[in-house]
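*Asks:* Got a structure for you, written out below as structure tokens; questions coming shortly.
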Number of protein chains: 2
Amino acid sequence: MNERRLNFWGWGYEDEWPTGQQLSALSEGLRQHIGFGSDELELPVRLDQIELPSPKLKPPTALAKICSSTVYDRVTHAYGKSYRDVIRAFRGRFDHPPDVVAYPSNEREVENLLEWCVDQSAAAIPFGGGTSVVGGVEPAVGDGYAGTVSIDLKRMDQVLDVDSVSQAARIQAGATGPKLEDQLKPHGLNLRHYPQSYEFSTLGGWIATRSAGHFATLNTHIDEFVESLRVLTPEGLWESRRLPASGAGPSPDRLLVGSEGTLGVITESWVRVHARPEYRASSVMHFPDFKSGSRAVREIGQAGLYPANCRLVDPVEAALTGTGGGDRAVLLLSFESADHPVDEWLSVAVERCREHGGTEASNEGYDETGRLLGVEPGADQADSWRDAFLRAPYLRDIMVAMGVVVETFETAVTWDRFEDFHSVVIEAVKQAVVGVCGTGMVTCRLTHVYPDGVAPYFTVLAPAKRGSELEQWREVKEAASEAVLANGGTITHHHAIGRDHRQWYDRQRPQPFAEALAAAKKALDPAWVLNPGVLLDRT
Amino acid sequence: MNERRLNFWGWGYEDEWPTGQQLSALSEGLRQHIGFGSDELELPVRLDQIELPSPKLKPPTALAKICSSTVYDRVTHAYGKSYRDVIRAFRGRFDHPPDVVAYPSNEREVENLLEWCVDQSAAAIPFGGGTSVVGGVEPAVGDGYAGTVSIDLKRMDQVLDVDSVSQAARIQAGATGPKLEDQLKPHGLNLRHYPQSYEFSTLGGWIATRSAGHFATLNTHIDEFVESLRVLTPEGLWESRRLPASGAGPSPDRLLVGSEGTLGVITESWVRVHARPEYRASSVMHFPDFKSGSRAVREIGQAGLYPANCRLVDPVEAALTGTGGGDRAVLLLSFESADHPVDEWLSVAVERCREHGGTEASNEGYDETGRLLGVEPGADQADSWRDAFLRAPYLRDIMVAMGVVVETFETAVTWDRFEDFHSVVIEAVKQAVVGVCGTGMVTCRLTHVYPDGVAPYFTVLAPAKRGSELEQWREVKEAASEAVLANGGTITHHHAIGRDHRQWYDRQRPQPFAEALAAAKKALDPAWVLNPGVLLDRT
């Protein structure tokens, strides 16, 4: 298999990191655009400069052929891809590299790996695309383990069955977005779940973390796509029945969805797929301000129209990403269907926008589905939205090299609280940013819409003090998380809990639920080897 | 409070049981309609004929004022309302009456009751409307308990908060359908969750059993309405945060939804409500057969149209209920919206029907939402559908008096299996019915529609052998359940598990999930007092 190598310290493929001249031009463009960031670019550590402690585990002969302890394998499984992760990896700091990285090709091998981990008292960390931005795959497991094993599912990436009648497919957990879409395509089907990590993240990872994707309404989270699951726990196989719906006791699947590798290793799932959309209707609306735009979004969310995209971008972010809204908020609105024209749907939604002061803007700068182009400054506007959207994390890494703090956080909140929530959170985070970075900006967009509330997504950009980025990041993160929690939001709508959100998650969840979940884990994973520290502490 | 008294042996209100002349006329009409049933009507036991063993528990003084051990209270909490329950109660057989029936008015009283039960080793059975058709509230708790306490939530029936901005309301668990709708009405809102038990069943009961209601698509189950929950467990209060959506670990609410009183007593829920529909469009389509109708239903389910009603009735049932389809299958199709006209939605759906041989029938015999009128033979066709739909269980009780076995069962199955499933299940149940009753009929309708599958609802009518009804019922139930399970269905789409579905539920659920659930229960209810035997056996 001739694979493109993944970058060991940052986002995506190694060969995407720009060379000297290109890097300077891109960073100069970014600097002009955001107004800060150093023109002295820091260079990332080279792989040959990295020294890791010797691995504390040695796999038995039977497992040796699927295990690796090379520096490259260990460092690419040491972190996810949060700003905090990249800052550390960029400078060659690897706090908790796994001792062993395993690449099972089938369930038997996963089982054997789990058995070995239990026998050795080694922590086992299920690993999909490694794109966690919340410390979900970092082997920071605390004391009491003989070592850590990262179980990378990448070799289990096949679409095993396609049921075109029910529009469902059985897919292995290690399939990335492009891998599974390529295999569904010949059947005229697709999953249409596009988180920003789509290119690298995997079905199993999406399910474990309750990721959210393309759809602004209805099928926002992967939760809604899951028809059944196959999961290996240390106590045996957990396989649920394929069902379109059921009322037979609490849903088994819903206990696993969001379990973040703590209850078992997801190996397969039947997921609901879709016929390729044939009809689209989209519009870009401008609003005098974010508040009036958000009221239109609420009405659309409560009208039963179910747009595929309904993304409201605030004026600062709209200006930053060059969407041409001037000082106005921009709403990207689109409907799609494999079955029938959706112009009528769009026209009702546009009417609701007009009632809140919205005006129709030119479609220029947006792709045919109404999605924003040109996330990358100076990018060819004819690039597809997907390229731009998916390339954004590469730009984040250039900003790291420029000395810019980049953090995103996201939440969901009911509509009655939303307007206050939005101003209080923005204000609290701005204060923290100014306090710790001197200046900076905080922007917001609404990404997912529900009848009773909305999911706001915030971006923070600020000048870094080199060498103090982790402290700066922590102050911003804490201010954001405290404000979100105090004002009725959830600590995460789709980035998951991992290790970074634990303290706020613990305060958010009902205490009896924490006890029930810990008891459930103990029943499934009595040796407590699966992803320790995520969601729960060992009891 | 001047309450209408509930019938202690059968459905609904005591005063709805028809008097002699009316009863004869109704039963004669039914007999002509279905072609069997005795003209010698058996009469139900009188309350004063019933003797119960003395209660084994005596509440402490502090609780005495909210507790009762009268014969009436004990027998009305001894069973749900399944055919099996009614047969037993009708003849004065009460196998497991609770020793005490408690009527708490607030959470403090619920807490005190749970404490008392734990202290006494008494089983505590949360009780909503008592309309379970699966033995969910029958105090058949097995050995090891000092007695049984039925905790009836009827006094906790208030809408406590209405959030019109988010379209949500905080409602006490004991509110019945009409009670909560009456309180929502002044706000221009409604829940629009109408299970057939709507008039008597409660929000808490719906949540505990994952009931399904009015909507044929999207919001089929109460699961989708729940925004947050307040639940008292023996280990403390479980309260989840109001959120439109979240990705913070496995959903706490989804572990409670469907827990059937085994994990705690639901006392309140924030639920998503709706503005009253202002626009409707409906159509009645006839199909040459059930199969072609089901294919149209599948296309509609996969088209993203989301009809409120999409109910396909097979020719036998259509003839039986007088819907005028002749030997054709009848599809009741309707769209509704509070926001915009939905004619375009309907016309796309009708087009899909035509492609599968559907023809538009007159709307006569249906109400304005396209719902079937005239479930009751001879009923005034101008009655609202709701009256007819909600009155059907009263007719069931007349059939009991006539010596007719009446059983319904329901399931969900993926589309790829549906056509075979339908014929195999019908055939298996028919064989059992003929074997045990000599003759009878099995009909099917599709009640809820999903992109990847459908929920079929079956009705069995057959002549009873008096005195052998319970054995007849058991044979039919077992044949149905075995066929459903063997052919890929769920043992229940919305009737829940209770005690009657346990053996099939145990085979359906993943074994590791059963262990996780038992461990969770043990953590929340260490004395295992909550509804023992439902979902789980004591461990």
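*Asks:* Is the stretch A:383-463 rounded, prolate or oblate when judged by the Cα gyration tensor, a ≥ b ≥ c being the square roots of its eigenvalues, rounded requiring a/c under 1.5 and prolate requiring a/b larger than b/c?
*Replies:* Judged from the Cα gyration tensor, the stretch A:383-463 comes out oblate (a/c at least 1.5, b/c at or above a/b).
*Asks:* Once you keep just the Cα pairs under 8 angstrom separated by 6 or more residues, what percentage relative contact order results for the stretch A:54-103?
*Replies:* 55 percent
*Asks:* Give me the percent relative contact order of the stretch A:381-539, please, defined on Cα pairs under 8 angstrom at least 6 residues apart.
*Replies:* Worked out over the stretch A:381-539, it gives 24 percent.
*Asks:* Another question, then. Ranked from highest to lowest mean number of other Cβ atoms within 10 Å per residue, what is the order of the peptides B:462-475, A:70-83?
*Replies:* Working: B:462-475: 17.4, A:70-83: 22.2.
For the peptides B:462-475, A:70-83, the packing ranking is A:70-83, B:462-475.
*Asks:* Here's another thing I want to ask about it. Taking a 1.4 Å probe, which of B:SER197, B:SER164 shows the most accessible area, and what order do the others take after it?
*Replies:* Result, largest first: B:SER164, B:SER197.
*Asks:* Within 10 Å of each Cβ in peptide B:410-416, how many partner chain Cβ atoms are there on average? Round it to a whole number, please.
*Replies:* Per residue, the number of nearby Cβ atoms from other chains is 6 on average.
*Asks:* May I ask you to compute the full-extension gain from B:ALA62 to B:ARG31, defined as 0.36 nm times their residue separation minus their alpha-carbon distance, rounded to one decimal in nm?
*Replies:* Contour length minus Cα-Cα distance gives 5.9 nm.
*Asks:* So which of A:LYS522/B:LYS81; B:LYS179/B:LYS477; B:LYS56/B:LYS154; B:LYS291/B:LYS477; B:LYS185/B:LYS291; A:LYS56/A:LYS521 end up more than 29 Å apart, counting from Cα to Cα?
*Replies:* A:LYS522/B:LYS81; B:LYS179/B:LYS477; B:LYS185/B:LYS291
*Asks:* Round to the nearest 10 and report in Å² the accessible area of A:ARG445, as given by a 1.4 Å probe over the protein chains' heavy atoms.
*Replies:* 40 Å²
*Asks:* With +1 assigned to the C-beta of every Lys and Arg and -1 to the C-beta of every Asp and Glu, and no other charges, what is the dipole magnitude of the stretch A:31-120 about the Cα centre in debye, to the nearest 20?
*Replies:* Here the size comes out at about 180 debye.
*Asks:* Same structure, new question: What does the structure give for B:337-344 when I average, per residue, the other chain Cβ atoms found within 10 Å of the residue Cβ?
*Replies:* On the way: counts 4, 3, 10, 10, 2, 3, 1, 8.
Counting other chains' Cβ atoms within 10 Å and averaging over B:337-344 gives 5.
*Asks:* Quick one: grab the alpha carbon gyration tensor of the stretch A:20-169, order the square roots of its eigenvalues as a ≥ b ≥ c, and give me rounded if a/c is under 1.5, else prolate or oblate depending on whether a/b is larger than b/c. Walk me through the numbers before you get to the answer.
*Replies:* Details: a/c = 2.56, a/b = 1.43, b/c = 1.80.
Verdict is oblate for the stretch A:20-169.
*Asks:* For A:SER468, which inter-copy label distances result when the label point lies 7 Å beyond Cα on the Cα-to-Cβ vector, reported in nm to one decimal and in ascending order?
*Replies:* Listed shortest first, these distances are 8.9 nm.
*Asks:* In peptide A:480-491, what is the residue-averaged number of other protein chain Cβ atoms found within 10 Å of each Cβ? Write down the numbers at each step before the final one.
*Replies:* Working: counts 0, 0, 0, 0, 0, 1, 0, 0, 3, 3, 8, 5.
Rounded to a whole number, the mean comes out at 2.
*Asks:* Taking Cα pairs under 8 Å and at least six residues apart, what relative contact order does the stretch B:400-459 come out at, in percent?
*Replies:* Averaging sequence separation for qualifying contacts and normalising by length gives 44 percent for the stretch B:400-459.
*Asks:* Taking only DSSP H segments of four or more residues, each worth -39500 (n - 2.57), what value at 222 nm results for the protein assembly as shown once the sum is divided by all its residues, to the nearest 500 deg cm²/dmol?
*Replies:* -10000 deg cm²/dmol
*Asks:* Averaged per residue, what accessible area in Å² does the stretch B:459-511 show with a 1.4 Å probe, protein chains only?
*Replies:* Working: 1760 Å² over 53 residues.
On a per-residue basis, 33 Å².
*Asks:* Taking the Cα centre of chain B as origin and charging only Cβ (+1 Lys, Arg; -1 Asp, Glu), how large is the dipole, in debye to the nearest 20?
*Replies:* 760 debye
*Asks:* Still on this model: How big a patch of accessible area, both sides summed and in Å² to the nearest 100, lies buried between B and A at a 1.4 Å probe?
*Replies:* Between B and A, the summed buried area is about 6300 Å².
*Asks:* Do any residues of the stretch A:426-458 lose at least 10 Å² of accessible area when the full set of protein chains is present rather than just their chain alone, and if so which, with a 1.4 Å probe?
*Replies:* In the stretch A:426-458, residues shielded by partner chains: A:TYR450, A:PRO451, A:ASP452.
*Asks:* In the stretch B:51-110, with Lys and Arg counted as +1 and Asp and Glu as -1 at Cβ, which of these residues, B:VAL100, B:THR70, B:PRO53, has the Cα nearest the positive end of the dipole, that is, farthest along it?
*Replies:* Of the options given, the answer is B:PRO53.
*Asks:* Just how large is the dipole of the protein assembly as shown about the Cα centre, in debye to the nearest 20, putting +1 at every Lys and Arg Cβ and -1 at every Asp and Glu Cβ?
*Replies:* Here the protein assembly as shown has a charge dipole of around 1500 debye.
*Asks:* Right, something else. Where does each of B:THR233, B:THR539 land when they are ordered by accessible area, with a 1.4 Å probe and the largest first?
*Replies:* On the way: B:THR233 10, B:THR539 105 Å².
Descending order: B:THR539, B:THR233.
*Asks:* Let me ask something else. In Å², and per residue, what accessible area does the stretch B:1-109 have when probed at 1.4 Å with the other protein chains present?
*Replies:* Working: 5610 Å² over 109 residues.
Per-residue value: 52 Å².
*Asks:* OK, next. Just to confirm, what accessible area per residue do you get for the stretch A:248-289 at 1.4 Å probe, in whole Å²?
*Replies:* Details: 1010 Å² over 42 residues.
Accessible area per residue: 24 Å².
*Asks:* How far is B:GLN431 from the same spot in each other copy, in nm, shortest first, if each label point sits 7 Å from Cα toward Cβ?
*Replies:* Those label-point separations list as 7.4 nm.
*Asks:* What percentage of the solvent-accessible surface of the protein assembly as shown, computed with a 1.4 Å probe over protein heavy atoms, is contributed by carbon and sulfur atoms?
*Replies:* That share works out to 47 percent.
*Asks:* Would you kindly work out, in nm and rounded to one decimal, the distances from the label point of B:ASP161 to those of the same position in each other copy, ordered shortest first, with label points 7 Å along Cα-to-Cβ?
*Replies:* Ordered by increasing distance: 4.5 nm.
*Asks:* Counting other C-beta atoms within 10 Å, and keeping those with at most 15, which DSSP coil GluC sites (Glu not before Pro) do you find in the stretch B:26-99?
*Replies:* On the way: sites: B:GLU28, B:GLU40, B:GLU42, B:GLU51; in loops: B:GLU40, B:GLU42, B:GLU51.
Hits after loop and neighbour filter: B:GLU40, B:GLU42, B:GLU51.
*Asks:* In terms of the Cα gyration tensor, with a ≥ b ≥ c the square roots of its eigenvalues, is the stretch B:220-346 rounded because a/c is under 1.5, prolate because a/b exceeds b/c, or oblate?
*Replies:* prolate
The values are calculated or read from the model by the stated rules, or taken from the named source; none is laboratory data. On a predicted model such as this, the values are computed, not experimentally measured, just so you know. Ideal geometry is used to build each Cβ from the backbone, glycine not excepted, and the neighbour counts take in all protein chains shown. Note: areas computed on protein heavy atoms with side chains; ligands, DNA, RNA excluded. Shrake-Rupley method; radii C 1.70, N 1.55, O 1.52, S 1.80 Å.
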